[in-house]
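Chemist: One structure, pasted below without further comment.
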Amino acid sequence: DLPVLITGETGSGKEIAAQTLHTRSRRAAQRLVSINCAALPESLAESELFGHEKGAFSGAVAAKQGLLEAAHGGTVFFDEIGELPPGVQAKLLRVLETKKLMRVGEVRERTVDVRIIAATNRKLAEESVAGRFRQDLFFRLSSAVLVLPPLRDRQRELPILARTFLSEACARAGRPPLLIAPAAMDLLLRYSWPGNLRELRNAMDYAATVVTEPVLEPEHLPPPILAALTTPRSARQPEEESSSLAQLARVKGDWLVALPD
């Protein structure tokens, strides 16, 4: 039941982590309701989350159950929680503290049992100090904090993820599996992956679609990745420069061997 705050860059796998937390909890048999706070219109946020009664506002022609009620007994995942409007933050805090909510236009409270998992790519501690996010809600949400490193810092995982994503993409395309040539894997390990897991998955989807040979070679990688890897050193961003060859690995069979400086 412990609330969990998942932090990490965009595309680092926060939603996958939330799904895993739910499926391995005692609430796994119940619903996991995912809410993209960034896509939630401020004018409709309260109605969508907490529900409303008939006639509560113009257009409310019937009573409606909110997403929190719909997840009763299960888990609610708030993606990009930092985008939640301040007024809704206060109401969510009350739900966390009392396990009760009130629909818009209603005068009685309803009991709701949900586990909250939230995710953000912002530094919510700093946002709360600056007054851009409720500090009391931040403390309530961050009972446990899960930090997902960016893909560029997960060198041991990247080959496994690349092969997994490629295998899944080939299956979806209805084609034979593709192998990744060592030279292509070297390039994948050298790339900085600003889009993290999402970008890697897209790259493997691209390969499964365009490669006709049985092995994925360097020239089969998406053009933006190849262009970034061939950019002159002087034109690279500072964060790319910080990733030295000593941090790279070459895949040989099942072994990972560190490259020398």
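The values are calculated or read from the model by the stated rules, or taken from the named source; none is laboratory data. Source: prediction; values computed, not measured. In this analysis, Cβ positions are derived from the backbone assuming ideal geometry, glycine residues included, and neighbour counts consider all displayed protein chains. With ligands, DNA and RNA removed, areas are computed over all heavy atoms of the protein, side chains included. Shrake-Rupley method; radii C 1.70, N 1.55, O 1.52, S 1.80 Å.
Chemist: Of (1) among the basic types (Lys, Arg); (2) closer than 30 Å to residue 70 by Cβ; (3) surrounded by fewer than 20 Cβ atoms within 10 Å (Cβ to Cβ), residue 175 satisfies all except one. Which?
Modeler: Going through the list (1) among the basic types (Lys, Arg); (2) closer than 30 Å to residue 70 by Cβ; (3) surrounded by fewer than 20 Cβ atoms within 10 Å (Cβ to Cβ), residue 175 breaks only (2).
Chemist: Quick check on residue 180: is it in contact (Cβ under 8 Å) with a residue 24 or more places away in the chain and in contact with a Phe, Trp or Tyr (Cβ under 8 Å, 6 or more places away or on another chain)?
Modeler: Taking the combined requirement at face value, the residue does not satisfy it.
Chemist: For the stretch 141-155, enumerate the residues that are part of a helix (DSSP H, G or I) and surrounded by fewer than 17 Cβ atoms within 10 Å (Cβ to Cβ).
Modeler: 153
Table: residues versus (1) open to solvent by less than 10 Å² (accessible area, probe 1.4 Å); (2) among the hydrophobic types (A, V, I, L, M, F, W, C).
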{"position": "9", "(1), (2)": "no, no"}
{"position": "13", "(1), (2)": "no, no"}
{"position": "30", "(1), (2)": "no, no"}
{"position": "40", "(1), (2)": "no, yes"}
{"position": "43", "(1), (2)": "no, no"}
{"position": "63", "(1), (2)": "no, yes"}
{"position": "66", "(1), (2)": "yes, no"}
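Chemist: Could you list, in sequence order, all residues of the stretch 188-208 that are hydroxyl-bearing (Ser, Thr, Tyr) and over 23 Å from residue 17 (Cα atoms)?
Modeler: Scanning the stretch 188-208 gives 191, 206.
Chemist: Let me ask something else about it. Exactly one condition in (1) modelled with pLDDT of 50 or more; (2) open to solvent by 20 Å² or more (accessible area, probe 1.4 Å); (3) not hydrophobic (A, V, I, L, M, F, W, C) is not met by residue 222; state its number.
Modeler: Among (1) modelled with pLDDT of 50 or more; (2) open to solvent by 20 Å² or more (accessible area, probe 1.4 Å); (3) not hydrophobic (A, V, I, L, M, F, W, C), the lone unmet condition for residue 222 is (2).
This table checks each residue for (1) open to solvent by 20 Å² or more (accessible area, probe 1.4 Å); (2) within 22 Å of the chain's Cα centre (by Cα); (3) of a type in the set (Gly, Ala, Ser).
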site	(1), (2), (3)
48	yes, yes, no
113	yes, no, no
125	yes, yes, yes
138	yes, yes, no
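Chemist: Only one of these conditions is not met by residue 85: (1) open to solvent by less than 40 Å² (accessible area, probe 1.4 Å); (2) within 20 Å of residue 147 (Cβ to Cβ). Which number is it?
Modeler: Residue 85 satisfies every listed condition except (2).
Chemist: Sticking with this one: If you go through the stretch 127-136 one residue at a time, how many are open to solvent by less than 20 Å² (accessible area, probe 1.4 Å) and either part of a loop (DSSP other than H, G, I, E, B) or within 17 Å of residue 68 (Cβ to Cβ) (or both)?
Modeler: Number of matching residues: 1.
Chemist: Name the pairs: first residue in the stretch 24-46 and more than 11 Å from residue 76 (Cα to Cα) and of a type in the set (D, E, K, R), second residue open to solvent by 30 Å² or more (accessible area, probe 1.4 Å) and assigned to a helix (DSSP H, G or I), Cβ to Cβ under 8 Å, at least 6 apart or on different chains?
Modeler: 46/87; 46/91
Chemist: Would you mind stating whether residue 158 is without any contact (Cβ under 8 Å) to a residue 60 or more places away in the chain, surrounded by 16 or more Cβ atoms within 10 Å (Cβ to Cβ) and farther than 30 Å from residue 46 by Cβ?
Modeler: Yes; evaluated as a whole, the condition is true for this residue.
Chemist: For the stretch 87-103, state whether one or more residues are touching a Ser or Thr at 6+ places or on another chain (Cβ under 8 Å) and free of Cβ contacts under 8 Å to residues at least 60 places away in the same chain.
Modeler: Yes, because at least one residue in the stretch 87-103 is touching a Ser or Thr at 6+ places or on another chain (Cβ under 8 Å) and free of Cβ contacts under 8 Å to residues at least 60 places away in the same chain.
Chemist: Can you pull out the residues in the stretch 194-219 that are under 19 Å from residue 176 (Cα atoms), open to solvent by 20 Å² or more (accessible area, probe 1.4 Å) and in a loop (DSSP other than H, G, I, E, B)?
Modeler: Correct list: 212, 213, 214, 217.
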